[in-house]
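All remarks here apply to the structure that follows.
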Amino acid sequence: MARAPSPVDPVVGALIVYRTSWESPTRANQFCQRMFGQSTSSGGYRYRRRGVMEGIAHWRPARNVIVVKGEDRDRVLRALGEWTREIHCWSIVLKPEQLRKLSKLTEER
């Protein structure tokens, strides 16, 4: 029988670093649109193209770096694998304030 995690239990997250090399700015733009979404307007209409990461709580502390909850790691790695040359992933322990940040980001989406 599984027990509920207490507030002091460490929560595992994933630190993902990826490297890209694009032959054209168009390809780089497509990657950003598909991964992170994009606000678009056309003919007076405004809409949002949703990206893979919009359904996943994450933050980007630096360029080409993503932090996610451990449970979302495989989904992000699969999506990145379609676009990037090199991916590195480490399991990390999220501090309570980092976990709150991820939870807040989930509520905002």
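The values are calculated or read from the model by the stated rules, or taken from the named source; none is laboratory data. This structure is a prediction, so every number in the text was calculated from the model and none was measured. All Cβ positions, even for glycine, are placed from backbone atoms using ideal geometry, and neighbour counts span all protein chains on display.
Here is how the numbers come out for the structure above:
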{"read-out": "Residue list for segment 12-46, restricted to those being in a strand (DSSP E or B) and under 20 Å from V76 (Cβ atoms)", "value": "V12, G13, A14, L15, I16, V17, Y18, R19, Q38"}
{"read-out": "Identity of the residue in segment 25-70, among the aromatic types (F, W, Y) and over 18 Å from Q98 (Cα atoms), that ends up nearest to the chain's Cα centre (by Cα)", "value": "F36"}
{"read-out": "Members of segment 53-75 that are buried (at least 17 other Cβ atoms within 10 Å of the Cβ) and β-branched (V, I, T)", "value": "I56, I66, V67, V68"}
{"read-out": "Top-ranked residue in segment 83-102 [being of a type in the set (V, I, T) and closer than 30 Å to W22 by Cα; ranked as surrounded by the most Cβ atoms within 10 Å (Cβ to Cβ)]", "value": "T84"}
{"read-out": "Subset of segment 52-109 that is assigned to a strand (DSSP E or B) and aromatic (F, W, Y) - its residue that is modelled with the highest pLDDT", "value": "W90"}
{"read-out": "Count of residues meeting criterion [free of Cβ contacts under 8 Å to residues at least 24 places away in the same chain and in contact with a strand residue (DSSP E or B) (Cβ under 9 Å, 6 or more places away or on another chain)] in segment 75-94", "value": "2"}
{"read-out": "Residue check for P5: closer than 17 Å to K95 by Cα and at pLDDT below 90", "value": "yes"}
{"read-out": "In segment 21-35, the residues that are touching a helix residue (DSSP H, G or I) at 6+ places or on another chain (Cβ under 7 Å) and surrounded by fewer than 16 Cβ atoms within 10 Å (Cβ to Cβ)", "value": "W22"}
